[in-house]
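Before any comments, here is the structure.
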Amino acid sequence: MNELATISVNTLGGLKKRTRGDKVIWAMVVLLAIVSLLAVYSSTGLLAYKMYKGNSEVYLFRQFAFIVVGVLLIYFAHEVNYILYARAAKFLFYLSIPLLLYTLFFGVRLNEGSRWIRLPIINLTFQTSDLAKLALFMYLSLLLSRRQDVIKDFRAGFLPAIIPVAIVCLLIAPANLSTALLIGATSLVLLFIGRVRAQHLMLALGVALVPVLLLMGAAALRHQISGAQPEKPRIESGSGLFVRMNTWINRVETFMYGGREALDEDNYQVNQAKIAIANGGLIGLGPGNSRQRNFLPHPYSDFIYAIIIEEYGLAGGACIMFIYLIFLFRSIRIFRRCPFAFGAFLALGLSFTLVVQALANMAVNVNLFPVTGVTLPLVSMGGSSFLFSCLAIGIILSVARNVEQLEGEKKALALTEESERRAEAGESQH
């Protein structure tokens, strides 16, 4: 027993030395990984029945493999000095633009949207907007850190920062409007923290609100014309950049006017999520006891939060939200402690985009936002979004690791100076 205890202590000590950076963020990653395993295993029963004749362990092991790869990605990313990310930021941003263009015109089409490209040889798909989002916030952090002297100027400070945001959002919006809006909103928050003038930000916000207001107006007009019955989404047979326009209008109309009696797909998702939340109550039905996983579309990705509430109750759902808020608080702490502007903006920007995405997913699940295709970071079933979320967390931990290293060097220097002063004082007394 003593030998086992010694081995476990040594193992924990070794892990503590190897995993540097903010230990609380590491703990949040472990907790979310455990929740992900439980929730994905529970919610993939129907999918496993369709694809693997009921062998749901396939998705359990698949998710476990994604978590292992993700944790390794976090570890190796946090071992890299974050200054190297500054050197890679411009290259990754410029790389993401042609990838987004290629995806828009030649990508894999699913649900009327072209969001993925298929990688040759390995025959896997990945969502280029995930790479573009990561690259954009790295590039924005670099721009903000280098242009603080002129950041209040419209031409020299604001335009160079807002143009990359506009390009990325415009390229993502035709296939994934919700992601484009979240990226735009998070970028404006980061620019505000980066001391961009409020008047300039309000101008950008006003421009961004124009298509949103047009969508709301189109939804209201359609509802009035169709006799107060939300119209079912039509599948366009043609091709073009805005084939999803009808879907956007329908979702906004459903959110604004849809009732329980509406039978379209978006209301079906919302109603099934409501039933799952009502089933869960305060403490939930227990792990693996979800009833709505067989009726709720995408219970393992877009609507996994509703399954978590059904199985673990409102208390479990509140705990998940609390974990993300703790993660944001720790990232803000890194931002305040980091002596260099690029590292500070990088940690804050990447944490904001993860937490905003998580809150948006939760809001959709509880019907506070219209239905979107946004996943719950580190919890939804693995894919490119899961891995890029892990990479973002690894970069945040890289900043935290360097901050701790600098603080440790300062403390060591202060102790050395203090000991030298005491030695000099002792010699003078003699």
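Calculate the FRET efficiency for Arg118 and Lys23 from the Cβ-Cβ distance with a Förster distance of 30 Å, rounded to the nearest 0.05.
Numbers: r = 39 Å, r/R0 = 1.30.
Efficiency at R0 = 30 Å is approximately 0.15.
Over all directions, the projected convex hull of the C-alpha atoms in the stretch 138-198 averages 3.8 nm² in area.
Using a simple spin-label model with pseudo-atoms 7 Å out from Cα toward Cβ, Arg291 and Thr125 lie 3.3 nm apart. Remark: the stretch 296-386 carries 31 Å² of accessible area per residue (probe radius 1.4 Å; ligands, DNA and RNA excluded).
Here the label points at Leu170 and Arg155, each 7 Å from Cα along the C-beta direction, are separated by 2.1 nm in the simple model. With the alpha-carbon atoms of the stretch 31-76 aligned to their principal axes, the span from lowest to highest coordinate is 37, 17, 10 Å, starting with the largest.
Assuming R0 = 30 Å, can you tell me the calculated FRET efficiency for the pair Ile283 and Leu214, based on Cβ-Cβ distance, to the nearest 0.05?
Values: r = 44 Å, r/R0 = 1.46.
The formula returns an efficiency of 0.10 here.
Between the stretch 196-216 and the stretch 306-371, the C-alpha centres lie 24 angstrom from each other. Say a paramagnetic label sat at a point 7 Å from the Cα of Ala341, along Cα to Cβ; which residues of the stretch 189-229 have their backbone N under 19 Å from it? Output list for this probe position: 189-201.
Measuring against 23 Å, Cα to Cα, the residue pairs Lys90/Lys410; Lys23/Lys410; Lys90/Lys133 contain Lys90/Lys410 as the ones spanning a longer distance. Between Arg422 and Phe322, the contour length at 0.36 nm per residue exceeds the Cα-Cα span by 31.3 nm.
The values are calculated or read from the model by the stated rules, or taken from the named source; none is laboratory data. Just so it is clear, the model here is predicted, and its values are computed rather than measured. FYI the Cβ positions are ideal-geometry reconstructions off the backbone, even for glycines, and counts take in every protein chain you see. For accessibility, only protein heavy atoms count, side chains too; no ligands or nucleic acids. Shrake-Rupley method; radii C 1.70, N 1.55, O 1.52, S 1.80 Å.
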